[in-house]
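I have placed the structure first, in the form of structure tokens, so that the comments after it can refer back to it.
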Amino acid sequence: MNSNRFLSCTYIALSIVMSSCSVQKSQVPGASKTEVLQVINKVNTNWQTKNAPQERAFWDVAAYHTGNMEAYSITKNEAYREYSETWAVHNQWKGAKSDNKSGWKYSYGEKDDYVLFGDWQICFQTYIDLYNLEKDDKKIARAREVMEYQMSTPKNDYWWWADGLYMVMPVMTKLYKLTGNKQYLDKLHEYFSYANSIMYDNEEKLYFRDAKYVYPKHKSASGKKDFWARGDGWVFAGLAKVLKDLPKEDAHRAEYITKFKGMALAIKQSQQAEGYWTRSILDPVHAPGPETSGTAFFTYGMLWGINNGYLNKKEYLPVVIKSWAYLTKVALQADGTVGYVQPIGERAIPGQVVNQKSTANFGVGAFLLASAEMYRFLELND
């Protein structure tokens, strides 16, 4: 071999090696820790600048705060912690505020007597997170009062809609970690079993939003099973949070893992080429086009699964790469607004307009969850 040909071959070989190393160092194109921090701060500063923290403790606001606390855990920006603390104080560290236990309800309701309705209990996640940063029993007193009363009742049908699994399952595991009271884990499984009995589809490994939407009673525009993206996003993210805090020896741990992995595969297989998930997961023509809240919850769950060894990185990272590109290049607007968030609802609605101006507090929260978990992924894979 002449010297020029040898040098040429050597150059090609070195280029291949260097290219391989480059791919290894930047496993998600356009995502470095610095860039992800910039995204978190851009989105969260934009939201907090435009929205005062003195709002009620209902699910939509509280879902934002679950994302804000994750943003704080990454950035240590005290303004973020103070924002959630101000919100908690404004709400007296309560959800629904009634003290008349005999009148507490858990069907849908936005008034103060719906104390046992999960949409008024998600706030406890953030109160517990704030307690863990600075111990003060008043922060968790109401959470314990409400959940311990609920567990004292013989009822098990508290979680009758998919969203409730994100709202309350993590409250149960967080309170178990604080108190060591095993009843939290026993009731978690009892309530979860009821939810599975009315809205889990064993064939597709996905959740209908609630019993009204179970196939074939309800069908998508194309006559298919209609799984709502945000609804399944709530469940998938909720399972990740449960597994994070669930003790390794829990008797039902394998069941939660099986549900989580089954959902991950179904979600992976239904991703659109552009990186997002349509509002009706298995019927893209039902409500076509991008949607951010479901996509962000799916991205968070998959990243958490990869980061914690539940999901194979080689299999699931390509899914995350596409969804992260959608979240940061399409959903994220120049001023930090998170767009393409389907408004408050309970299903995919044909003809409903969702565009770059469509934003909401819970969508921002989901985006922050995904961004914080992306930062952790990059830390683990430096």
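The figures follow:
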quantity	calculated
The one condition in (1) outside any loop (DSSP other than H, G, I, E, B); (2) over 19 Å from the mean Cα position of the chain (by Cα) that Met172 fails to fulfil	(2)
Listing of helices (runs of 4 or more DSSP H) fully contained in the range 222-310 that carry 2 or more residues being among the acidic types (Asp, Glu)	229-245
From Lys174, Lys182, residue being surrounded by 15 or more Cβ atoms within 10 Å (Cβ to Cβ) and basic (Lys, Arg)	Lys174
Residue, farthest from Gly289 (Cα to Cα), within the range 317-335, restricted to residues that are free of Cβ contacts under 8 Å to residues at least 60 places away in the same chain and in a loop (DSSP other than H, G, I, E, B)	Ala334
Boolean, Thr126 is surrounded by 16 or more Cβ atoms within 10 Å (Cβ to Cβ), of a type outside the set (D, E, K, R) and in contact with a Pro (Cβ under 9 Å, 6 or more places away or on another chain)	no
Pro288, sole failed condition from (1) without any contact (Cβ under 8 Å) to a residue 40 or more places away in the chain; (2) touching an Asp or Glu at 6+ places or on another chain (Cβ under 6 Å)	(2)
Pick from the range 336-377, criterion in contact with a helix residue (DSSP H, G or I) (Cβ under 8 Å, 6 or more places away or on another chain), aliphatic (A, V, I, L, M) and in a loop (DSSP other than H, G, I, E, B), ranking: farthest from Val214 (Cα to Cα)	Ala360
Enumeration of residues in the range 56-98 that are of a type in the set (A, V, I, L, M, F, W, C), in a helix (DSSP H, G or I) and either over 26 Å from Ala162 (Cβ atoms) or over 18 Å from the mean Cα position of the chain (by Cα) (or both)	Ile74, Ala79, Trp87, Ala88, Val89
Test result for Tyr300, without any contact (Cβ under 8 Å) to a residue 60 or more places away in the chain and buried (at least 22 other Cβ atoms within 10 Å of the Cβ)	no
Residues of the range 269-284 satisfying the condition of being surrounded by fewer than 24 Cβ atoms within 10 Å (Cβ to Cβ) and either at pLDDT below 95 or in contact with a Pro (Cβ under 9 Å, 6 or more places away or on another chain) (or both)	Ser270, Gln272, Glu274, Gly275, Thr278
Answer from Asn312, Asn355 - the residue that is surrounded by fewer than 19 Cβ atoms within 10 Å (Cβ to Cβ), over 14 Å from the mean Cα position of the chain (by Cα) and closer than 20 Å to Gln27 by Cα	Asn312
Filter pass, Val285 being more than 18 Å from Asp186 (Cβ to Cβ) and either in contact with a strand residue (DSSP E or B) (Cβ under 6 Å, 6 or more places away or on another chain) or of a type in the set (Val, Ile, Thr) (or both)	yes
Filtered residues of the range 49-83 (kept if of a type in the set (Phe, Trp, Tyr) and over 22 Å from Glu110 (Cα atoms))	Tyr72, Tyr80, Tyr83
Top-ranked residue of the range 338-350 - restricted to ones that are surrounded by fewer than 21 Cβ atoms within 10 Å (Cβ to Cβ), touching a residue at least 12 places away in the same chain (Cβ under 8 Å) and out of contact with any Lys or Arg (no Cβ under 8 Å at 6 or more places or on another chain), ranked as farthest from Trp304 (Cα to Cα)	Pro350
Matching residues in the range 79-123 - criterion: being crowded, with 21+ Cβ neighbours inside 10 Å, closer than 22 Å to Phe192 by Cβ and touching a residue at least 24 places away in the same chain (Cβ under 8 Å)	Gly95, Tyr106, Val115, Leu116, Gly118, Asp119, Trp120, Gln121, Ile122, Cys123
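The values are calculated or read from the model by the stated rules, or taken from the named source; none is laboratory data. Note that the structure is predicted; figures quoted are calculated from it, not measured. We place every Cβ from the backbone using ideal geometry, glycine too, and count neighbours over all the protein chains shown.
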